[in-house]
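A.B. asks: This is the structure, below, for whatever I ask next.
The values are calculated or read from the model by the stated rules, or taken from the named source; none is laboratory data. Small disclaimer: the values here were computed from a predicted structure and weren't measured. Because the Cβ atoms are built from the backbone with ideal geometry, glycine has one as well, and the counts that use them run over all protein chains shown. Accessible surface is based on the protein model in full, side chains and every heavy atom, while ligands, DNA and RNA are left aside. Shrake-Rupley method; radii C 1.70, N 1.55, O 1.52, S 1.80 Å.
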Amino acid sequence: MEYFLQLFFSGLTRGSIYALIALGYTMVYGIIQLINFAHGEIYMIGAFVALIVAGVCTIYGLSGVSILILAGVIAVIYACAYGYTLEKVAYRPLRGAPRLAPLISAIGMSIFLQNYVLLAQTSDFLPFPRLIPDFAFMEPVAHIIGSPELVILVTTVVTMILLTLLIKKTRVGKAMRATQQDMNMARLVGVNVDRIISMTFIIGSGLAAIGGVLVASYIGQVNFYIGFLAGVKAFTAAVLGGIGSIPGAVIGGLVLGWAESFAAGYISSAYEDVFTFGLLVLILTLRPAGILGKARKQKV
Amino acid sequence: MLKIQNIQTFYGNIQALKDVSIEIEEGEIVALIGANGAGKTTTLMSICGISPPRSGDILLDGDSIKGVAADKIVQKGIVQVPEGRRIFPDLTVQENLEMGAFLRKNKRLIQQDLNYVMTLFPILEKRRTQLGGTLSGGEQQMLAISRALMARPRVLLLDEPSLGLAPLIIKQIFEIIRKINKESNTTIFLVEQNANQALKLADRGYVMENGRITLVDSADKLLANDDVRKAYLGI
Ligand SMILES: Nc1ncnc2c1ncn2[C@@H]1O[C@H](COP(=O)(O)OP(=O)(O)OP(=O)(O)O)[C@@H](O)[C@H]1O
Ligand SMILES: [Mg+2]
């Protein structure tokens, strides 16, 4: 039972990170039907910015949690700027072009950003400081769920609640939903759709950066390639949940996280990926649009 | 107030509008009739900046709005009820109406207009929290008109508001259009295949064929015109 709970919480932690990144894929796809392949790189850049900020903060003698918050905030700001620029430079000029063009542009941006960080930093793994301390009050349950996991879970839950409020309650959120449902009609009620698309990239990038910082301080190392792997997993989660669906991304992330964790724990960690992608194939066979995905209606 | 001057609109290489000119005076109801594929919807989408014309000009109160972004055109007071209603399916009725008032800031006036459209179409009050996509065709048309009214339009463009509706509901909708025109002096540009009803409501009418305007006259004269009667009134 203890082992089960341990796997449950480690799966939940992983899954919530996948969900956080998957949200960026799914929100962008929902609005412009583009798979933003460079999204994983934004996650990676978030982690690198946090590493640099953490380094500077350590010199000034700040402590763990305050560094984590400061590094997180700056990483998010940077990532938002990258996301905004990415859309403006690589996707906006291709609006209205055949669908393959922005897709190729996305892959190009992914390769560009990876190599940019590779050249600007290094190809080696860099140690990332463990910024999350072991809380005393977690002592009794530490064998099931550790302090870093708790911080990750609390952060992702709070972030998702804020995102939900933004989308459900605010004027911008309503405009985002309207744009997703019928872009030209949104224009006809006065929505500046370009601004909404920028906003979507900014929000998605911010979420990815939060994920990047949390994972980096949990795992304890970063390199230029971490965005690719995290991106593939999160993209899988988004497809699993039904690409375009926001609750779908969260569910997809959690299902994937648990599948990996339980497969590694009960079968073998060598078969972890075989099992998860097997699950993906199975679910997509039964539900081609994903768990919560709707078959897209043809627009007239 | 709205002057369309010799516009040519293309979809890729296909020319949908050929040298179209239309003039609409303040407070008028003007009808545009024509068969399927004539270019009626394209005309409205050209005015609204969704399919901007390649050449020609569109003037609102003498100022060109050609090439102006669609959201800025709404800001200037030209608002469309599009073909097929295009209700936001996963927004509630209330949210759909709020989207209609997207560019307005005064909460009190928005609330006042919300109450106004609910008295115009009481069924919307009952459906307030329901998703737009779950409404019937007639209810969706009422919502689409109400959503447009929430923007307080100076010029209201309507694209086939009677399409697919029962005669009784069509009658109700046309009465409301007349009321909107009379009560708030809203200029109306009405696209219809239901030529009889449209011309009875309108002051003047235009007939469009294959992307060109072929006839312009007062609505009464068009109703009496033999060619129009044969082609569009089925008489
Ligand atoms: N998005 C588009 N891409 C290419 N061609 C289009 C597009 N929309 C319309 N057309 C073409 O432009 C022409 C005019 O179409 P439009 O929709 O304006 O006609 P309409 O008068 O509104 O017809 P209906 O009464 O059937 O609504 C048609 O030949 C149509 O095939
Ligand atoms: Mg049409």
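A.B. asks: So what is the accessible area of the range A:2-286 per residue, in Å², with the probe set to 1.4 Å?
C.D. replies: Roughly 43 Å² per residue, with all protein chains present.
A.B. asks: Counting each pair of different Cα atoms once, what's the Kirkwood radius of the range A:189-300 in Å, rounded to one decimal?
C.D. replies: Values: mean 1/r = 0.0630 Å⁻¹.
In the range A:189-300 this quantity evaluates to 15.9 Å.
A.B. asks: Give the long-range amide H neighbours of residue B:81: residues separated by 5 or more places, or on another chain, with amide H under 5 Å away, using H modelled in the peptide plane at 1.01 Å from N.
C.D. replies: The list, which skips near neighbours in sequence, is B:157, B:158, B:159.
A.B. asks: Okay, moving on. At R0 = 51 Å, how high is the FRET efficiency between residue A:62 and residue A:89 if r is their beta carbon distance? Nearest 0.05 is fine.
C.D. replies: The computed FRET efficiency comes out at 0.90.
A.B. asks: Same structure again: Could you report chain B's accessible area per residue, 1.4 Å probe, as an integer in Å²?
C.D. replies: Dividing the accessible area of chain B by its residue count gives 43 Å².
A.B. asks: Specify which residue in the list B:103, B:31, B:84 is farthest towards the positive end of the charge dipole of the range B:16-106, using unit charges on the beta carbon of Lys, Arg (+1) and Asp, Glu (-1), about the Cα centre.
C.D. replies: Projecting each Cα onto the dipole axis, the largest value belongs to B:84.
A.B. asks: Greater than 23 Å separation of Cα atoms is the criterion. Which listed pairs, A:88/B:40; A:233/A:294; B:76/B:107; A:174/B:171, meet it?
C.D. replies: Table pairs above 23 Å Cα-Cα are A:88/B:40; A:174/B:171.
A.B. asks: Let me know the charge dipole size of the range A:2-286 about its Cα centre in debye, to the nearest 20, where only the beta-carbon of Lys, Arg (+1) and Asp, Glu (-1) is charged. Walk me through the numbers on the way to the answer.
C.D. replies: Numbers: 14 positive and 12 negative charges, 255 e Å.
The dipole of the range A:2-286 has a size of about 1220 debye.
A.B. asks: Next question. Have a look at A:191, A:27, A:67 and report the one farthest towards the positive end of the charge dipole of the range A:2-286, computed about the Cα centre with Cβ charges (Lys/Arg +1, Asp/Glu -1).
C.D. replies: With unit charges placed on the Cβ atoms, the residue in question is A:191.
A.B. asks: Between residue A:294 and residue A:1, what's the calculated FRET efficiency when r is the beta-carbon distance and R0 is 30 Å? Round to 0.05.
C.D. replies: The computed FRET efficiency comes out at 0.20.
A.B. asks: How large is the convex hull of the C-alpha atoms of the range A:1-88 per residue, in Å³?
C.D. replies: Dividing the Cα hull volume of the range A:1-88 by its residue count gives 115 Å³.
A.B. asks: What distance in nm separates the two pseudo spin-label positions at residue A:116 and residue A:147, each 7 Å out from Cα along the beta-carbon direction?
C.D. replies: 3.6 nm
A.B. asks: Helix hunt in chain A: which complete DSSP H runs extend at least 27 Å axially by C-alpha with mean Kyte-Doolittle at least 0.5?
C.D. replies: What comes out of the filter, once short or polar helices are dropped, is A:2-32, A:39-59, A:64-86, A:100-120, A:147-169, A:193-219.
A.B. asks: How large is the helix-only mean residue ellipticity at 222 nm for chain B, computed as the sum of -39500 (n - 2.57) over DSSP H runs with n ≥ 4, divided by its residue count, in deg cm²/dmol to the nearest 500?
C.D. replies: On the way: 10 runs with 93 residues, N = 235.
So the calculated ellipticity at 222 nm is -11500 deg cm²/dmol.
A.B. asks: To the nearest hundred square angstrom, how large is the accessible surface buried between A and B, total for both chains, probe 1.4 angstrom?
C.D. replies: 2000 Å²
A.B. asks: A further question on this structure: Quick check on the protein assembly as shown: of the DSSP beta bridges with both residues there, what percent are antiparallel, nearest 5%?
C.D. replies: Numbers: 23 of 42 bridges.
Here the share of antiparallel DSSP bridges comes out near 55 percent.
A.B. asks: Additional query: Which value, in debye to the nearest 20, describes the size of the charge dipole of chain B about its Cα centre when Lys and Arg Cβ atoms bear +1, Asp and Glu Cβ atoms bear -1, and nothing else is charged?
C.D. replies: The calculation lands at about 520 debye.
A.B. asks: A further question follows. How much of the accessible area of the range A:2-286, probe 1.4 Å, is carbon plus sulfur, in whole percent?
C.D. replies: 72 percent
A.B. asks: State, to one decimal in nm², a quarter of the convex hull surface area for the C-alpha atoms of the range B:118-235, i.e. the direction-averaged projected area.
C.D. replies: Hull-based average projected area comes out at 8.3 nm².
A.B. asks: Something else: Could you work out the percent of alpha carbon pairs in the range B:49-181 separated by over 27 Å, rounded to a whole number?
C.D. replies: The calculated P(r) of the range B:49-181 puts 20 percent of pairs beyond 27 Å.
A.B. asks: Another question, if that's okay. Please report Rg over Rh for the protein assembly as shown, where both radii come from the alpha carbon positions and Rh follows the Kirkwood definition.
C.D. replies: Rg/Rh: 1.08.
A.B. asks: What dipole magnitude, in Debye to the nearest 20, does the protein assembly as shown give about its Cα centre under +1 on Lys/Arg Cβ and -1 on Asp/Glu Cβ?
C.D. replies: Its charge dipole is roughly 900 debye.
A.B. asks: Right, something else. What accessible area, in Å² to the nearest ten, does a 1.4 Å probe give for residue B:129?
C.D. replies: 120 Å²
A.B. asks: Moving on. Once you place label points 7 Å from the Cα toward the Cβ at residue B:200 and residue B:185, how far apart are they in nm?
C.D. replies: 2.9 nm
A.B. asks: Okay, moving on. Count the net charge of all other residues whose Cβ sits under 12 Å from the Cβ of residue A:246, scoring Lys and Arg as +1 and Asp and Glu as -1.
C.D. replies: Computed value for this residue: +1.
A.B. asks: Ordering A:164, B:119, B:187 by accessible area with a probe of 1.4 Å, largest first, what comes out?
C.D. replies: Numbers: A:164 70, B:119 105, B:187 0 Å².
Descending order: B:119, A:164, B:187.
A.B. asks: On to the next question. Between residue B:69 and residue B:123, what is the spin-label point distance in nm, taking each point 7 Å from the Cα along the Cα→C-beta axis?
C.D. replies: 3.6 nm
A.B. asks: Note every residue of the range A:186-230 with a reduction of at least 50 square angstrom in accessible area, all protein chains present versus the isolated chain, computed with a 1.4 Å probe, or write none.
C.D. replies: Buried by 50 Å² or more upon assembly, which counts only protein chains, are A:188, A:189, A:190.
A.B. asks: Another question, then. Taking 0.36 nm per residue of sequence separation and subtracting the Cα-Cα distance, how much length would be gained by fully extending the chain between residue A:162 and residue A:81, in nm to one decimal?
C.D. replies: Gain on stretching residue A:162 to residue A:81: 27.2 nm.
A.B. asks: Sort A:39, A:143 by heavy-atom solvent-accessible area, probe 1.4 angstrom, most to least.
C.D. replies: A:143, A:39
A.B. asks: Next question. For chain B, how big is the tail of P(r) above 26 Å, as a whole percent of Cα pairs? Don't jump to the answer; show the numbers that get you there.
C.D. replies: On the way: 9821 of 27495 pairs.
So the portion of pairs separated by more than 26 Å is 36 percent.
A.B. asks: Same structure again: Of the options B:187, B:142, B:161, report the single residue whose Cα projects farthest towards the positive end of the charge dipole of chain B (beta-carbon charges: Lys, Arg +1; Asp, Glu -1).
C.D. replies: B:142
A.B. asks: Note down the Stokes-Einstein diffusion coefficient of the range A:2-286 in µm²/s, whole number, using a Kirkwood radius over alpha carbon pairs, 25 °C, and 0.890 mPa s.
C.D. replies: Calculated translational D: 127 µm²/s.
A.B. asks: When Lys and Arg each count +1 and Asp and Glu each count -1, what net charge do the other residues less than 13 Å away from residue A:255, Cβ to Cβ, add up to?
C.D. replies: In short, +2.
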